[in-house]
1. Between TRP71, ALA41, ALA52, whose Cα lies farthest towards the positive end of the dipole of region 6-85 when Lys and Arg beta carbons carry +1 and Asp and Glu beta carbons carry -1, centred on the Cα centre?
2. Using the Cβ atoms and a cut-off under 10 Å, what net charge is assigned to the surroundings of GLY328, where Lys and Arg are +1 and Asp and Glu are -1?
3. Points 7 angstrom from Cα along the Cβ direction at LEU348 and ASP244: gap in nanometres?
4. Across region 19-27, in residue order, what do the Karplus-derived ³J(HN,Hα) couplings come to in whole Hz, using 6.51 cos²θ - 1.76 cosθ + 1.60 with θ = phi - 60° and x for Gly and Pro?
5. At 0.36 nm per residue, and after removing the present C-alpha to C-alpha distance, how many nm does the segment from THR309 to ASP209 gain when stretched out fully?
6. Scan around THR136 for amide H atoms under 5 Å from its own, H built in the peptide plane at 1.01 Å from N, and keep only partners 5 or more places away or cross-chain.
7. Provide the FRET efficiency to the nearest 0.05 for the ARG63-THR170 pair, computing r from the beta carbons and using R0 = 41 Å.
8. How much net charge surrounds ALA155 when only other residues with a Cβ under 9 Å from its Cβ are counted (Lys, Arg +1; Asp, Glu -1)?
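Every number here is computed from the coordinates shown, using simple stated rules; none is lab data. Predicted model only: the values in this text are computed from it and were never measured. Ideal geometry is used to build each Cβ from the backbone, glycine not excepted, and the neighbour counts take in all protein chains shown.
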Amino acid sequence: MAKRDCYEVLGVRHDASTDEIRKAFRREAAKHHPDLHSGDAASEARFKEVNAAYQILKDEQQRKIYDQYGWAGLEGGATARQDSSFSDVKDVFSTMQDVFADAFQSSFGAKIPGARTGGRRAQAPRRGQDIQTDYTLSFHEALFGCVKSVPVSSAVTCSQCDGSGARSGTAWETCKACMGTGDTSKSRGFVLFSNQCGRCRGTGRFVADPCSRCFGKGSIDTERRVDVQFPAGIPHGYIVRVADCGAPGVGGGPAGDLLVMVYVAGDDKYTRVADDLTVQVHILFTTALLGGDVVVPVPNSDGHDALITVRIPPGTQNGSTVRLPGMGVPHLHQSGRGSLVVCFLVDLPATLSDRARALIAELNAELAASMHAASAAVPVAIPANPPPSRDPGPTSAQDDAARFLNGLPLRSTS
């Protein structure tokens with residue numbers, strides 16, 4: 001019997017789009033499905049005819065050959081299936097599931113678990129997961145940068161099998177339980193239910209002779225150390241990313257990254273605000289009065305403070321500050337440094353010798369006399385008989401209002 005035209009079988013035009021062909025297939029397949037016509041040979045034959053037509057028209061290459069040569073171009077060709085039909089019942093349900101999954105996804109934005117779109121799933125290599133750990137730096141290490149060996153507990157690529165998970169001389173095999181799809185399917189009437197393959201855990205592959213060290217995982221859990229470069233000026237809470245030092249990849253994929261969360265320890269001398277440092281320097285009250293040179297510490301990259309001299313003016317008050325640019329925190333990933341802010345605290349002696357007490361008493365008398373002379377009052381002449389204070393009394397407007405309320409005549413404005 002001559003085979004019918006594929007477009008006629010699906011009831012579509014020759015220039016029909018892929019989406020129109022798919023919709024026509026769903027309509028005709030549902031109409032002639034064997035579950036709806038049990039024991040009807042004609043419906044079963046029609047169902048297979050619809051399937052065969054769809055298998056050709058959904059494939060761009062086979063459709064092109066069919067449009068040019070018809071059935072003759074596909075029969076026996078390398079691109080044609082044996083009978084343009086399905087090899088078994090599972091293929092029928094798989095194709096039906098894929099078609100309805102595509103429709104469901106396009107209509108509702110959802111995806112049916114286990115449904116294949118575009119053929120069998122490719123087991124593509126996957127990048128390993130990122131690993132995060134914490135590390136504490138000293139105050140000076142964070143200021144000027146350093147290299148530290150950071151301990152990391154994670155999985156690493158098995159050195160015995162190079163991450164393959166298979167014993168040396170063997171390789172992974174396609175899982176026979178799911179035929180490499182990663183899913184196992186069971187049909188119940190018109191519906192096909194899919195679950196992750198329990199043998200290969202959804203990978204589609206299976207190792208028959210696993211590595212004796214990692215037992216087929218391709219990685220082992222271990223404690224390792226990674227050298228991490230911490231840049232100068234790194235702040236508290238900063239995350240340093242070390243590429244390819246995370247968890248191993250899956251299926252030959254690249255490793256993830258190591259993320260190091262930085263904690264910076266405090267310092268007894270310096271306080272950091274952004275890229276500025278603040279340091280408190282104690283001075284004698286005599287130095288504050290007379291002015292002079294004061295020794296100020298500055299943080300140095302060798303871990304020991306450098307000492308510089310700062311001249312303060314006479315009369316420096318307690319809590320006065322001086323800003324020294326370029327002596328603070330190095331800018332992160334940039335040149336230059338912030339400022340060092342020096343706060344002077346004036347110290348008063350707790351005990352005095354007799355001579356010191358006498359000198360301070362003499363100084364106090366001198367200062368008191370100077371302050372009294374500077375603030376002496378200027379005499380102001382006061383009249384002998386000052387005029388009595390005058391009460392302005394109510395304003396004319398207030399007086400008029402009072403007269404009006406009491407029924408009295410208003411004052412004349414003439």
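1. Sorting the options by dipole projection puts first ALA52.
2. Values: positive: ARG272, ARG323, ARG337; negative: ASP275, ASP276.
Cβ neighbours under 10 Å give a net charge of +1.
3. The answer from the label model is 6.7 nm.
4. Working through the residues one at a time gives 5, 5, 5, 5, 5, 5, 5, 4, 5 Hz.
5. Once the chain is fully extended between THR309 and ASP209, it gains 28.5 nm.
6. For THR136, the qualifying residues are TYR263.
7. Values: r = 42 Å, r/R0 = 1.03.
Here the calculated transfer efficiency is 0.45.
8. Working: positive: LYS217; negative: ASP221.
The answer is 0.
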